[in-house]
Amino acid sequence: MSERIDTNLVLKALAMACLHRQPPANLLFHSDRGVQYASGDYRQALKAVGLVASMSRKGNCYDNATMESFWSTLKLDLVYRRNFASHRQARTEIFDYIEVFYNRQRTHSALGYFSPVDFELINN
């Protein structure tokens, strides 16, 4: 999390994801059309780790529906129910929600009622 949604933020997120997940070569990386994802630095970073960039055409929100659903769930389950005292507290609680609950405990109908971690373990 950052106070800015810029190329530096998404570069750090990509580096963290690659460190923890070790994505296979030619994995499709889908994003929206934000300037941070279209930047030369970001596209070069994707290429360096062997990921293939994918962006939807303008005005097409449907291919990003899963991510939009996640943001809605995060907001309804956590963000709108809390008044964070600081950016640091928000960052810590959102990290815990995603890494401890959402990815490891919460079952997802789109994944056959497995958690994302369990689904990945079964399918990889």
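Taken together, the values in this text are just the output of simple stated rules run on the coordinates, not laboratory data. These numbers come from a predicted model, not from an experiment. Using ideal geometry, Cβ is built from the backbone for each residue, glycine included, and neighbour counts are taken over all protein chains shown.
Would you please list the contacts, defined by Cβ atoms under 6 Å and residues six or more apart or on different chains, that run from a residue in the range 90-109 that is closer than 16 Å to Met16 by Cβ and free of Cβ contacts under 8 Å to residues at least 60 places away in the same chain to a residue that is outside any loop (DSSP other than H, G, I, E, B) and of a type in the set (A, V, I, L, M)?
From the range 90-109, the pairs are Asn103/Val117.
With under 14 Å from the mean Cα position of the chain (by Cα) and among the polar types (S, T, N, Q) as the only criterion, which of Ser31, Ser39, Ser56 stands out?
Ser31
Looking only at the range 38-65, count every residue that is touching a Lys or Arg at 6+ places or on another chain (Cβ under 8 Å) and among the hydroxyl-bearing types (Ser, Thr, Tyr) and tell me the total.
Residues meeting the conditions: 1.
When the range 103-124 is examined, which residues are found to be surrounded by 12 or more Cβ atoms within 10 Å (Cβ to Cβ) and either among the hydrophobic types (A, V, I, L, M, F, W, C) or assigned to a helix (DSSP H, G or I) (or both)?
Leu111, Phe114, Pro116, Val117, Asp118, Phe119, Glu120
Contact list please: Cβ distance under 9 Å, first residue in the range 3-22 and in contact (Cβ under 8 Å) with a residue 24 or more places away in the chain and among the acidic types (Asp, Glu), second residue surrounded by 14 or more Cβ atoms within 10 Å (Cβ to Cβ) and not in a helix (DSSP H, G or I), pairs at least six apart or on different chains.
Close Cβ pairs satisfying both conditions: Asp6/Ser39.
Look at the range 62-89 and say how many of its residues are under 21 Å from Ala17 (Cα atoms) and in contact (Cβ under 8 Å) with a residue 40 or more places away in the chain.
Looking only at that region, the number is 1.
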